[in-house]
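**Student:** Got a structure for you, written out below as structure tokens; questions coming shortly.
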Amino acid sequence: MHTGPRTVVTTDPELDDLNSMLRLLLYSNEIDLRGLVYSSSQFHVAGDPERGIAPHRWPAPGERLHIDQAVDAYEQVHAHLVVHDPDYPSPEHLRGLIAWGNVAAVGDMEADTPGSDLIRSVLLEDEPGQVFLQTWGGPNTIARALRSIQLEFEGTPGWEELHARISRTAVITSFGQQDSTFDEYIRPHWPDLEHR
């Protein structure tokens, strides 16, 4: 497996994100993909009937979402890609990186999700180099991962060192502020974390 920069992508189901995902997978031999995470944004939410939140521009239940569609397309060309570079990950490996993050509402970070847990575990890995957290939708799932780390470790003897290490390691890249969690949670609690 290629040992390029560690990268996690969080993404909402916008058509341009499908196009970006297709392009990203064609460069997956150059980066160390650690997660492909569904997330919400001000434009797309899955909704939560128990909380009275209606879905907004989210695919219908049972409809295949864009990350899965992109990996399906990648699978069709994988045999050709590995002829040129054996570092292209297998479709099975990529499917193992797909997780559902916080999708119920705009800025949803109410609870841990498989996607926020995935991001949390990547951030807690003590590996050299940076972790690039790409937010193609809202940063709420990343915010939830950081919040979970804070809730678990704040006040413990190693908190200051852990907070400093994650602040040095994590780099958030965002395409606009598609919810308020960066301004309301990430920046106040993680002021030294790099944001591009």
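**Student:** How would you classify segment 24-108 from its alpha-carbon gyration tensor, with a ≥ b ≥ c the square roots of the eigenvalues: rounded for a/c under 1.5, else prolate if a/b is greater than b/c, otherwise oblate?
**Tutor:** Verdict is prolate for segment 24-108.
**Student:** For Val122, what is the net charge nearby, where nearby means another residue's Cβ is under 12 Å from its Cβ and Lys, Arg count +1, Asp, Glu -1?
**Tutor:** -2
**Student:** Something else about it: Using Cα-Cα distances under 8 Å and only pairs 6 or more residues apart, what relative contact order does the chain have, in percent?
**Tutor:** Computed over the chain, the figure is 25 percent.
**Student:** Which of Leu81, Leu26, Leu151 ends up with the largest GNM mean-square fluctuation for the chain, with Cα atoms connected below 10 Å?
**Tutor:** Result for the chain, Cα springs under 10 Å: Leu151 fluctuates most.
**Student:** Compute the Cα gyration tensor for the chain, then decide on rounded, prolate or oblate, letting a ≥ b ≥ c be the square roots of its eigenvalues: rounded whenever a/c is under 1.5, prolate when a/b is larger than b/c in the other cases, and oblate in all that remain.
**Tutor:** Taking the square roots of the gyration eigenvalues as a ≥ b ≥ c, the chain is oblate.
**Student:** Still on this model: Tell me whether segment 7-72 comes out rounded, prolate or oblate; compute the Cα gyration tensor, take square roots of the eigenvalues as a ≥ b ≥ c, and use a/c under 1.5 as the rounded threshold.
**Tutor:** Prolate.
**Student:** Rolling a 1.4 Å sphere over the protein heavy atoms, what is the accessible area per residue of segment 42-98, to the nearest Å²?
**Tutor:** Accessible surface, normalised per residue, equals 61 Å².
**Student:** Below 13 angstrom from the Cβ of Thr3, what's the summed charge of the other residues (Lys, Arg +1; Asp, Glu -1)?
**Tutor:** Neighbourhood net charge equals -2.
**Student:** Now a separate question. Rounded to the nearest 500, what is the 222 nm mean residue ellipticity of the chain from helices alone, with -39500 (n - 2.57) per DSSP H run of 4+ residues and division by all residues?
**Tutor:** -11500 deg cm²/dmol
**Student:** How much of the accessible area of the chain, probe 1.4 Å, is carbon plus sulfur, in whole percent?
**Tutor:** 53 percent
The values are calculated or read from the model by the stated rules, or taken from the named source; none is laboratory data. Since the structure is predicted, the reported quantities are computational estimates derived from the model, not experimental observations. Every residue, glycine as well, gets a Cβ built from its backbone with ideal geometry; the counts of neighbours run over all protein chains shown. The area values use the complete protein model at the heavy-atom level, side chains included, leaving out ligands, DNA and RNA. Shrake-Rupley method; radii C 1.70, N 1.55, O 1.52, S 1.80 Å.
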